[in-house]
Each structure stands twice: as structure tokens, then as C-alpha cells.
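Nothing in this text is a laboratory measurement; each read-out follows from the coordinates by a stated rule. Computed from a prediction, not measured in an experiment: that's the story for all the values here. Quick reminder, even Gly has a Cβ in these numbers, built from the backbone with ideal geometry, and neighbours come from all protein chains shown.
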Amino acid sequence: MTTTAKSKGLNIALWVAQGLISLTLIWAGFTKLFQPIELTAQMLPWALDNPGLLKFTGIIDLLGGIGIVLPAALRIQPKLTVLAAYGVIVLMIAASIFHISRGEASLIGMNIFFLALAVFVAWGRTKKAAITSK
């Protein structure tokens, strides 16, 4: 496989990772912000105990979901995509700590998965397949 084919494959993998993170975070953000809290509490047991945290994380999810794709896709300040990836890393670590503190360690699998994807995006968009501005 040539270097060009490898870098094209890596770029595609990075876009897929960014898209998966984006779609998931935007869905989570809309759910946390706009769905009735009683319905949200069926998926997230902590929602009723922490409605302020629910709304705050909804906003963070939306911003992360937009930031992981939009700057790179528009090639306007694409370094913001890397910063969004770092933000997702912090978010997933915080979510894991939160769940562990509540005795919900079995729920952190998805957090670890998205943490790994965000690390991949941050590494890839910084070291191997950076996107340049227009």
C-alpha cells in the first residue's frame, strides 16, 4: 500500500470517527435539552437528581458534537476540531468518574469507547492528517 493510500485511508477513518462522535453527542445533547426530563430519566437515572447537570452536559454535548466536525468540514479554523476532540476526552473522563462515583461503573463502556475515538481524532488531526484552513 502506498503512502498516499495509507493517508487517504487514515483520513477516511478519522472522518468516520468524527462523524460517529458528532452524531452521538448531538443526539445526546438534544435529548438532554429538549426531551421531557421524565423520559430522559428512563435512560439516565441520575437526571432527576441533577437537572442542572443534565442541561449543562446537554449544552457541552451539542458544542462538542458540532466542534468535532464543523470547523474541519468548512476548513475554517480546523484546529478547533482538535480542541473539540480534547474537550470530548475531558468530557468522557468526567462522565466516567461521575458514573463510578454513583456506583455505575458498568455504564462507562460507551464513555471509554468515545474517549478512545476522541484520542484517535486528536492524534490523527494533529500528527498524521491535519486539515488546513482555506
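Compute the long axis of helix 109-123 from its Cα atoms, compare it with the longest principal axis of the Cα atoms of the chain, and write down the angle in degrees, 0 to 90, nearest 10. It is inclined by approximately 30 degrees. Roughly how large, in nm² to one decimal, is the mean projection of the convex hull of the alpha-carbon atoms in the range 1-116? The number I arrive at for the range 1-116 is 8.2 nm². Label sites at Trp123 and Tyr86, each approximated as a point 7 angstrom past Cα along Cα to Cβ, lie 1.7 nm apart.
Entry note, the chain: the mean residue ellipticity at 222 nm calculated from DSSP H runs of n ≥ 4, each adding -39500 (n - 2.57), is -24500 deg cm²/dmol after division by the residues and rounding to the nearest 500. Between Leu33 and Ile93, residue separation times 0.36 nm minus the direct Cα-Cα distance comes to 19.5 nm. For the chain, the longest principal axis of the alpha carbon atoms and the long axis of helix 79-101 meet at an angle near 30°.
Quick one: angle between helix 51-67 and the longest Cα principal axis of the chain, in degrees between 0 and 90, rounded to 10, please. Result, in degrees: 10.
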